[in-house]
Ligand SMILES: [Fe+2]
């Protein structure tokens, strides 16, 4: 379930979170994850067969979302405390940036935090297993993990060849995510 923290320090959950995200221009949905086979979300490196299994398990909703919103490719990522260079990866994720297309994540397991700026205001979006979130093209944002340092997510792309981060000269200070 996502939790949205607004600029006033209030937290919004459940349908209120979805409503707020939609008002900010972010797509949000919830997909059932209770029936995911345990071996697909077990800790450990993401084997190709596991990634394929995740994509196959969710092929129906992934296809529907892709058709509705113009996403043409997908993959699976997993970050964990034992991911090589996890701290360096996180440091990079925590640099504010934009993309020329949507940044789309379906969280299969674990959790993460997107910090987005809309109309000059900062919102924090905690996404957990089952959350589908699309940060629109051009929206300033950055991403980090929670203290669990663990997420498995499907990424959807309109044009993976063109998916580059346009960084700003304002790296987020360490510890600034709360
Ligand atoms: Fe991004």
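The values are calculated or read from the model by the stated rules, or taken from the named source; none is laboratory data. No experiment lies behind these values; they were computed from the predicted model shown. As a convention, Cβ positions derive from the backbone with ideal geometry for all residues, glycine included, and neighbour counts pool all protein chains shown.
From the residues in segment 100-134 that are in contact with a strand residue (DSSP E or B) (Cβ under 9 Å, 6 or more places away or on another chain) and over 28 Å from residue 58 (Cα atoms), which one is nearest to the ligand (Cβ to nearest atom)? First the steps, then the outcome.
If we filter segment 100-134 for residues that are in contact with a strand residue (DSSP E or B) (Cβ under 9 Å, 6 or more places away or on another chain), which is where we start, we get 100-118, 122-134.
With the extra rule that they be over 28 Å from residue 58 (Cα atoms), the set shrinks to 117-118, 122-123.
Working: 117: 12, 118: 15, 122: 15, 123: 15 Å.
For segment 100-134, the residue satisfying everything is 117.
Every residue in segment 154-164 that is away from the ligand (no atom under 14 Å from the Cβ) and either assigned to a loop (DSSP other than H, G, I, E, B) or at pLDDT below 95 (or both), please.
Keep residues of segment 154-164 that are away from the ligand (no atom under 14 Å from the Cβ), which gives 154, 159, 161.
Those that are away from the ligand (no atom under 14 Å from the Cβ) and either assigned to a loop (DSSP other than H, G, I, E, B) or at pLDDT below 95 (or both): 159, 161.
Output the residues belonging to segment 72-99 that are within 16 Å of the ligand (Cβ to nearest atom), part of a loop (DSSP other than H, G, I, E, B) and under 19 Å from residue 154 (Cα atoms).
99
Can you tell me which residue within segment 135-153, out of those that are closer than 20 Å to residue 62 by Cβ and crowded, with 22+ Cβ neighbours inside 10 Å, is farthest from the ligand (Cβ to nearest atom)?
Here is the first cut: in segment 135-153, the residues closer than 20 Å to residue 62 by Cβ are 135-137, 151-153.
Filter again for crowded, with 22+ Cβ neighbours inside 10 Å, leaving 135, 151-153.
Working: 135: 7, 151: 14, 152: 17, 153: 12 Å.
My answer is 152.
For the structure I just gave you, tell me whether residue 73 is touching a strand residue (DSSP E or B) at 6+ places or on another chain (Cβ under 9 Å), more than 23 Å from residue 2 (Cβ to Cβ) and touching a residue at least 40 places away in the same chain (Cβ under 8 Å).
Working: touching a strand residue (DSSP E or B) at 6+ places or on another chain (Cβ under 9 Å): yes; more than 23 Å from residue 2 (Cβ to Cβ): yes; touching a residue at least 40 places away in the same chain (Cβ under 8 Å): yes.
Here the answer is yes, as residue 73 does meet what is asked.
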